[in-house]
1. When segment 1-24 is examined, which residues are found to be under 11 Å from the mean Cα position of the chain (by Cα) and farther than 19 Å from V53 by Cβ?
2. Considering segment 9-35 alone, what residues qualify as being hydrophobic (A, V, I, L, M, F, W, C) and surrounded by 11 or more Cβ atoms within 10 Å (Cβ to Cβ)?
3. Looking at segment 27-84, which of its residues are outside any helix (DSSP H, G or I), at pLDDT 65 or above and aromatic (F, W, Y)?
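The values are calculated or read from the model by the stated rules, or taken from the named source; none is laboratory data. What you are looking at is a predicted structure, and each value in this text was computed from that prediction instead of being measured. Quick reminder, even Gly has a Cβ in these numbers, built from the backbone with ideal geometry, and neighbours come from all protein chains shown.
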Amino acid sequence: MNKQCELMRKIQRYDFALYDLMLYLDTHPNCQKALQLYDQYRKKRKNAVDAYVEEFGSIVALQSSTDKKWSWGEGPYPWEREAN
């Protein structure tokens with residue numbers, strides 16, 4: 001598995017964990033352990049996304065830089081098979 005695919009899968013794992021924790025926190029809003037886990041995974045996801053964007057470009061259009069030109073339209077997009 002190449003580095004790009006590995007980073008994307010890591011982000012997807014963090015997304016899954018965060019979504020699961022959000023569902024749990026909806027019914028247990030005062031659970032300190034779940035709140036701590038949510039914060040840990042949120043930070044890990046941010047680091048993984050930052051690393052992905054730095055090396056391979058934007059995952060979503062909102063991350064695109066407009067310093068020189070609009071680069072979001074340049075493919076392949078992260079969800080396309082060629083990108084992974």
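1. F16
2. Answer for segment 9-35, where residues must be hydrophobic (A, V, I, L, M, F, W, C) and surrounded by 11 or more Cβ atoms within 10 Å (Cβ to Cβ): I11, F16, A17, L18, L21, M22, L25, C31, A34, L35.
3. Y77, W79
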